[in-house]
Amino acid sequence: MTETSAWFAGPKGENGDWFTGCIGRILQDYYGWRRNYFPEDGLVIDAESRRAGEAFQDRFDDRLFELLAKLKADFPFQSPRYAAHMVSEQTLPAIAGYLAAMLYNPNNVTSEAAPVTVRLELEAARMISRMVGYGDDSWSHLTSGGTIANIEALWMARTVKYLPLVVGDMRRRLGLPATAPVFGCHPEVALKGFAAVFDEAPTSIVIRAYLDSEHNVVERGFANVLEKIGSRPTVLAPETQHYSIKKALDVLGLGRRSLVTIRVDDEFRMDMEDLAYQLDRIDRRGDHVLAVVSVIGTTEEGAIDPLDKIVRLREEQVQSFWIHADAAYGGYLRTVTLPDRIGLGQPSATVQVDGKKIDVPLKLPVGDSCDALEALGKCDSVTIDPHKLGYVPYPAGAICFRSDIVKPLARQDAPYIEDGVGDVKSERQSESVGVYILEGSKPGAAAAAVWLSHTLIPLDKSGHGLLMQDSIRNACELHALLEQYPSITGKTEVQAVPICAPGSNILCFAFRGGGARTLKEQNSLNRAIYDRFNHSKKSGKHVTEQAFFLSRTSLNPGQYSLSTVSSFLNRFGVLPSEYEQEGVFLLRSVLMNPWYSEAKRRGSFFVSDLVDSLYRTAAELIDCPFLIGVDKPTIDS
């Protein structure tokens, strides 16, 4: 057993006995802490009162038994048989940290309600920030998830965009030299220009000048500011964007139509030519860009945008903009490059087909993806979800800002949480959280979970990077087997067609039946396959009867342009006109389970078995020759 196996409970709870003792120590320690707090206070619930509560304890035991029984119908996320959604094992340190802190019930809105876990949150956030590539002058904190983090990022992008105009107003009002940064400058220049005003005048009057600025979008709102400048704001994001980006535009008052969608290539990465074209078009019509959003690990395909090229393109533009990386899913992939690139190993993998072990070639995502990951530190903000590839319990997202000067811009007055507003320097050095964030109450338990997990499992290639390396290879193994299974076995006319090779550890694909079939029929086939690999109440089966789990998604013409999907459509054998009418139903697999390689060493080839099961199911559904005597099921078309 390798050390990584000690990080988790194990698919069969192999580390469960040891960890049960840890949980017992946590509970004993906590209740011992209660007993030793002013022990002279004496008991409140005496023995007689405890006996009086026996009826309630009986009801409690019964209901608890019922709850535990109900939970057995949950999905086996810990098993390598589960390859559906972005859920898997949680690290044992994360579980222990969450449980231990949860007992104290800290609210991380302020250190007055969470004196320990606020500090842990800031420490944990700094670990994540350093992983991204940020320095000590950055600002990061935990959120409930990627959606809130993305909203915060665009919230700051909006405020900083108009900051040069605000600084100009401030300097005129204060009678200072007219050295304000110009509208459209680099976000870092705008932030430093704002901080500089506080070095030239008393804090109280600088704050008043800031609040009274006619271009202060925080105080005046979008309508007033945009009327003055006569230009419309836009946000650019790829076709693969998470739906939370449009949600953010709605919440922030920009409106969803302020979004300019950038095409992606046939590997579902942002198309740089289209980005350059759209930036030029926006500039020529007199509008302005608040932010360009890149996706590092798309939730559908696992693709990684060419972030390094986006950063380079910004340097070539006259009008600059905020760059936000939505790395909610893929941010932890950065650990395969720290302190240098770990590599993805040999471009082949041992699989087992028909009881025979063979080696298959892999298409590994090398080079470009690492270039993009190493550019994260040059973004103005980055969203990362510890509760995804950080293997930490929900809820635990994170937002990282390259500059901590955003803190005074984000500050909300809350006298019962903290003293009044200070100058930029004091705000940047503040150890508070709640007054600078969108959320109010949030669990300190999440901070303890992230902190304990990341202090024990390093965020580099010696620790977390090993998990990421293995998960990427597993997805590439699935891709190789799906493509090569018919040629390896010679048994079937059906063929799995991946939309592209994995960019990380997610793979989308669809099965194509033999002969001339319409896209509508192919979609029906893949829906039927999905129904076999998805547990639902309609199936009538208990979750323990489900051998493998997959998720599903789709390619829709309203989201993905024909140029994006044309390569896949050609390989899938369907016409563009069919796609524009039907869209494509896809099967989707997330290979983040940490046990595939360990299972192989014990003789269990779960990825191989999954592919075999998929092909047999597809063949059965279309009455393929290699399954003789199987009645052809009805497929709704």
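Enumerate the residues in region 32-75 having an amide nitrogen under 19 Å from the point lying 7 Å beyond the Cα of VAL116 toward its Cβ.
Output list for this probe position: 32-39.
For ASP137 and MET272, what is the calculated FRET efficiency with R₀ set at 22 Å and r taken between the beta-carbons, to the nearest 0.05? All intermediate terms of the calculation are to be shown ahead of the outcome.
Details: r = 30 Å, r/R0 = 1.35.
The calculated FRET efficiency here is 0.15.
Where the centre of each part is set by its Cα atoms, how far does region 119-158 sit from region 497-557, in angstrom?
About 36 Å separates the Cα centre of region 119-158 from the one of region 497-557.
Return the long-range amide H neighbours of VAL260 (sequence gap of 5 or more, or a different chain), with a cut-off of under 5 Å between placed amide H atoms.
Those lying under 5 Å, H to H, from VAL260 are VAL235, LEU236, ALA237.
Say the cut-off is 18 Å between C-alpha atoms; which of LYS246/LYS388; LYS309/LYS378; LYS192/LYS228; LYS388/LYS600 go over it? Walk me through the numbers on the way to the answer.
Details: LYS246/LYS388 21 Å; LYS309/LYS378 11 Å; LYS192/LYS228 24 Å; LYS388/LYS600 24 Å.
Among LYS246/LYS388; LYS309/LYS378; LYS192/LYS228; LYS388/LYS600, the Cα-Cα distance tops 18 Å for LYS246/LYS388; LYS192/LYS228; LYS388/LYS600.
So, in Å, what gap is there between the alpha-carbon centers of region 324-377 and region 162-224?
45 Å
Give the calculated FRET efficiency between LYS12 and LEU71 to the nearest 0.05, with a Förster radius of 22 Å applied to their Cβ-Cβ distance. It would help to have the intermediate numbers written out before the result.
On the way: r = 17 Å, r/R0 = 0.78.
Computed FRET efficiency for LYS12 and LEU71 comes out at 0.80.
Would you list which lysines come within 16 Å of LYS541, measuring only between C-alpha atoms, while excluding same-chain residues fewer than 8 positions from it?
LYS70, LYS72
Students often get this wrong: which residues of region 172-193 have the backbone nitrogen under 15 Å from the point 7 angstrom along Cα-to-C-beta of ASP212?
Hits in region 172-193 for ASP212 at 15 Å: 172-176.
Quick check: residue separation of LEU562 and THR20 times 0.36 nm, minus the Cα distance between them. What number comes out in nm?
Details: separation 542, 0.36 × 542 = 195.12 nm, distance 5.37 nm.
Going from the current span to full extension adds 189.8 nm.
Between rounded, prolate and oblate, where does region 225-273 land on the alpha carbon gyration tensor, with a ≥ b ≥ c its root eigenvalues, rounded for a/c under 1.5, else prolate if a/b exceeds b/c? Each step should come with its number before you reach the end.
Numbers: a/c = 4.83, a/b = 1.80, b/c = 2.68.
Oblate is the answer for region 225-273, as a/c is 1.5 or above yet b/c matches or exceeds a/b.
Loop-only check: which trypsin sites (Lys or Arg not before Pro) in region 238-311 are DSSP coil with at most 11 other Cβ within 10 angstrom?
On the way: sites: LYS246, LYS247, ARG256, ARG257, ARG263, ARG269, ARG281, ARG284, ARG285, LYS309; in loops: ARG263, ARG269, ARG285.
In loop regions of region 238-311 (DSSP not H, G, I, E or B), the sparsely surrounded trypsin sites (Lys or Arg not before Pro) are ARG285.
GluC sites (Glu not before Pro) within region 76-166: which are DSSP loop residues with at most 14 other Cβ atoms inside 10 Å?
On the way: sites: GLU89, GLU112, GLU121, GLU123, GLU152; in loops: GLU89, GLU112.
Hits after loop and neighbour filter: GLU112.
Under 5 Å between amide hydrogens, which residues at least 5 positions from ARG512 or on another chain qualify, with H placed 1.01 Å from N in the peptide plane?
GLN495, ALA496, VAL497
How far, in nm, would the chain grow between GLU493 and ASP46 when pulled straight, counting 0.36 nm per residue and subtracting the alpha carbon separation? Walk me through the numbers before you get to the answer.
Working: separation 447, 0.36 × 447 = 160.92 nm, distance 7.44 nm.
Contour length minus Cα-Cα distance gives 153.5 nm.
Just for region 288-366, what percent of DSSP beta bridges are antiparallel, to the closest 5?
Working: 7 of 12 bridges.
Taking every DSSP beta bridge with both residues in region 288-366, the antiparallel ones total about 60 percent.
Residue separation times 0.36 nm, minus the C-alpha to C-alpha distance between LYS541 and GLN57: what's the value? Could the numbers behind the result be given before it?
On the way: separation 484, 0.36 × 484 = 174.24 nm, distance 3.36 nm.
Value of the extension gain: 170.9 nm.
Filter the trypsin sites (Lys or Arg not before Pro) in region 521-585 to those in DSSP coil with at most 14 other Cβ atoms within 10 Å of their Cβ, and list the result. Spell out each step's value before the answer.
Details: sites: ARG527, ARG532, LYS537, LYS538, LYS541, ARG552, ARG571; in loops: LYS541.
Qualifying residues, ordered by number: LYS541.
Here are labelled values, [x] 80, 57, 50; [y] 89, 80, 43; [z] 90, 70, 42, and one is the computed Cα extents along the principal axes in Å for what I pasted. Which one?
Only one option fits the structure, namely [y].
Here, each number is a calculation from the coordinates, and none is a lab measurement. This one's a predicted model, so the numbers in the text were calculated from it and none came from an experiment. Using ideal geometry, Cβ is built from the backbone for each residue, glycine included, and neighbour counts are taken over all protein chains shown.
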